[in-house]
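The values are calculated or read from the model by the stated rules, or taken from the named source; none is laboratory data. Source: prediction; values computed, not measured. Cβ: placed from backbone, ideal geometry, glycine included. Neighbour counts: every protein chain shown.
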Amino acid sequence: MKKIAYGLVWLYIAMMVLLAMIGLSIFWLKPFTTKSLATNDELVHISAPLATSALPAETVVLGETADARIPLVQNFLERHQSPLVDEDNFASTLIEIADRNGIDFRLLAAIAMQESNLCKVIPPDSYNCLGLGVHAKGTWGFNSYEENFEAAARILKKNYIDQGLTTPEQIMTKYTPSSNGSWAESVNQWMAEMRFDDREKGRTEKSDANLLEFVEDDQAVDSSTVTKTNSAAN
């Protein structure tokens, strides 16, 4: 009898221990499962806004600000089907030349439009789009369009703008003194067209352009003064 009694007691104790372990397991496992699901859910919601590859391209922050003048000149070249369109980024080149020489960014293209229909009508192999050195003894020739525009920019700055000729009408009196006024009128029209990026407004909104309007103060330094300063420094 004693053995049976001891067996029942141990069986009871074993059952109680087993029930206790089952209860503890349920108690601990339930929070762990809930916590795990919550953590995964939080990870999903936190990670979702970081999927930046889905953003449109225009939201990408660029490292530098684009020059708003470039499309104005580029559109002008394209509207008039200039061969300069085939040159590599020539609108940017024209603006760089203008900035380097301290002249209005529209002036070179406007004069080229008047003199050669934007380089479409020039002496063969001359690259001379601005009518430089055209006389009875011959015509100046250049090795490239860029060389031609660079030379023209230096001449316009030193021999015209620095001499106080700061509008197309004033430049005309020296650049092409035989003109009846049509030269300056055309140059002003092309400059207005680039300003408004609109061909019709070029005709209706043109005026005698102030060639210093879009030139930075540090670019408008008299080129003769720069030459003298550099000579003194040497």
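Descriptive notes on the structure:
- Within region 172-197, if we keep just the residues that are of a type outside the set (Ser, Thr, Tyr) and closer than 14 Å to residue 112 by Cβ, the residue that is nearest to the chain's Cα centre (by Cα) turns out to be 194.
- Hits in region 141-175 (condition: surrounded by fewer than 17 Cβ atoms within 10 Å (Cβ to Cβ) and part of a loop (DSSP other than H, G, I, E, B)): 141, 143, 144, 164
- Of residues in region 59-78 being surrounded by 15 or more Cβ atoms within 10 Å (Cβ to Cβ) and charged (D, E, K, R), the one modelled with the lowest pLDDT: 67
- The number of residues in region 132-155 being in contact (Cβ under 8 Å) with a residue 24 or more places away in the chain and either in contact with a strand residue (DSSP E or B) (Cβ under 6 Å, 6 or more places away or on another chain) or over 22 Å from residue 212 (Cβ atoms) (or both) comes to 2.
- Qualifying residue in region 176-197 (condition: modelled with pLDDT under 95, out of contact with any strand residue (DSSP E or B) (no Cβ under 9 Å at 6 or more places or on another chain) and of a type in the set (A, V, I, L, M)): no
- Matching residues in region 63-105 - criterion: being among the acidic types (Asp, Glu) and part of a helix (DSSP H, G or I): 78, 86, 96, 99
- Within region 136-175, the set of residues being at pLDDT below 95 and β-branched (Val, Ile, Thr) comprises 139 only.
- Of all residues making up region 176-202, the number that are among the small types (Gly, Ala, Ser), without any contact (Cβ under 8 Å) to a residue 40 or more places away in the chain and either in a helix (DSSP H, G or I) or over 21 Å from residue 131 (Cα atoms) (or both): 4
- Of all positions in region 127-135, none carries a residue that is among the hydroxyl-bearing types (Ser, Thr, Tyr), assigned by TED's automatic domain parsing to the domain that holds residue 185 and modelled with pLDDT under 95.
- Flag if residue 118 is within 31 Å of the chain's Cα centre (by Cα), crowded, with 22+ Cβ neighbours inside 10 Å and assigned to a helix (DSSP H, G or I): no
- Yes/no for residue 169 being free of Cβ contacts under 8 Å to residues at least 24 places away in the same chain and among the acidic types (Asp, Glu): no
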